[in-house]
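Contents: one structure, followed by commentary.
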Amino acid sequence: AADIRFNNVSVRYPNGFTGLTDVTLSIPAGQMVGIIGLSGAGKSTLVRTINGLVPISSGDITVGDYTLAPGRRQLRGRALRDLRSDVGMVFQSFNLAKRTTVINNVLMGRLHHTPAWRSLLAAWEKDDVELAMQALERVEIVSKAYEKASSLSGGQQQRVAIARTLAQQPKVILADEPVASLDPPTSHVVMRDLQRINAELGITVVVNLHFLDLARRYCDRLIGLRSGTVVFDGPGAEADEKV
Ligand code: ADP
Ligand code: ADP
């Protein structure tokens, strides 16, 4: 199982900004964790260190058997690709290939498990297509499979992005402000999808949220950040004005 551990992790950006300062915490496999805090608190930085999108400056992070560390000990090449195959990512802006179909977008999640020639020829195996369809079923959007991604609403596009991540069969899903550009009802649909995926598939979910009420409602545990340090860590119900 892919437990996540931060050991005295700091992130300093090249321009001198501080992303995180001395963060130590652990997230057991299977948890649904909300990262909360004001804008600039370090939420996005924390989430993005877990798959190596943001390099750390000191300390280390372990994700299952992988270790992310600074400088010359940085994870790269094959090992980084393998980590990213286990750790899927969902962004605020969905990041779909908008001019192609929904199913093609979801199949991109299979690239982690597919030889390059096969994807270049779009010669997907039957199993890949089946997995992609199952992923679309799980986010209840299978009827849109052959529509162009750009024709979908924001909430639908985010669910396609979640399906794409599911198709890669990850152990962890990182979601960086996944509902920040959605209206409240749609935000609930997307959060419920993430919650169901966590509960039914046992995939760890680490999600960055701007709104405390959403975080409280859908997450087992909240981690509150302020100025790059952890100021709260506990069940949602107990998170208050401390963050
Ligand atoms: P949040 O997600 O809570 O809004 P961020 O992790 O985006 O917080 O930002 C934490 C701090 O790091 C802020 O001071 C922000 O300006 C800075 N920061 C974030 N990304 C970068 C970057 N790419 N380069 C420089 N500074 C950054
Ligand atoms: P989002 O909410 O979509 O992540 P942000 O405005 O937080 O958008 O950040 C957009 C990009 O700018 C990110 O890649 C982030 O790392 C970077 N960024 C954020 N703050 C800074 C900063 N102070 N200096 C340089 N880059 C930054």
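Sorted largest first by accessible area at a 1.4 angstrom probe radius, with every protein chain in place, the residues MET32, MET89 fall in the order MET89, MET32.
Computed over the range 146-187, the Cα gyration tensor eigenvalues convert (square root of 5λ each) into semi-axes of 19, 16, 6 Å, ordered from largest to smallest.
Dipole of the range 105-241, Cα-centred, from +1 at each Lys and Arg C-beta and -1 at each Asp and Glu C-beta, to the nearest 20 debye?
Values: 15 positive and 18 negative charges, 77 e Å.
Taking the Cα centre of the range 105-241 as origin, the dipole is about 360 debye.
Quote the Stokes-Einstein diffusion coefficient, in whole µm² s⁻¹, for the range 164-230, based on the Kirkwood radius over alpha carbon pairs, a temperature of 4 °C and a viscosity of 1.567 mPa s. Diffusion coefficient, whole number: 102 µm²/s.
Contact order, relative form, for the chain: 28 percent (alpha carbon pairs under 8 Å, 6 or more residues apart, mean separation divided by residue count). Basic side chains Lys and Arg get +1 at the Cβ, acidic Asp and Glu get -1 at the Cβ, and with that the dipole of the chain about its Cα centre reaches some 740 debye. Descending by average beta-carbon neighbour count within 10 Å, the peptides 104-116, 74-86 line up as 104-116, 74-86, the highest first.
Using a 1.4 Å probe, what is the accessible area per residue for the range 50-181, in Å²? Please list the in-between numbers first.
Numbers: 6360 Å² over 132 residues.
The answer is 48 Å² per residue.
Determine the relative contact order of the range 1-138: mean sequence separation of Cα pairs under 8 Å and six or more apart, normalised by residue count, in whole percent. Computed over the range 1-138, the figure is 19 percent. When THR49, THR21 are compared by accessible area at a 1.4 angstrom probe, the order from most to least is THR21, THR49. The dipole here belongs to the range 143-196: it is taken about the Cα centre, uses +1 on the Cβ of Lys and Arg and -1 on the Cβ of Asp and Glu, and is about 240 debye. Here is the list for the range 77-157: GluC sites (Glu not before Pro) lying in DSSP coil, each with at most 16 other C-beta atoms within 10 angstrom of its C-beta, are GLU125, GLU140, GLU147. Note on SER181: accessible area is roughly 70 Å² with a 1.4 Å probe, heavy atoms of protein only. Along its first, second and third principal axes, ordered by size, the chain spans 47, 43, 34 Å in Cα coordinates.
Carbon and sulfur: what percent of the chain's accessible surface (1.4 Å probe)? Please report the intermediate quantities before stating the final value.
Details: 5590 of 11420 Å².
Percent of accessible area from carbon and sulfur atoms in the chain: 49.
Of the two radii for the range 1-112, the radius of gyration is 0.99 times the Kirkwood radius, both from the alpha carbons; that is the Rg over Rh value. Of the DSSP H helices in the chain, none is both long (alpha-carbon extent of 24 Å or more along the helix axis) and hydrophobic (Kyte-Doolittle mean at least 0.5).
The values are calculated or read from the model by the stated rules, or taken from the named source; none is laboratory data. Note that the structure is a prediction, hence the values are computed from the model and not measured. Positions of Cβ are generated from backbone atoms using ideal geometry, with glycine treated the same way; all protein chains shown enter the neighbour counts. Keep in mind that these areas ignore ligands, DNA and RNA; they rest on the heavy atoms of the full protein, side chains included. Shrake-Rupley method; radii C 1.70, N 1.55, O 1.52, S 1.80 Å.
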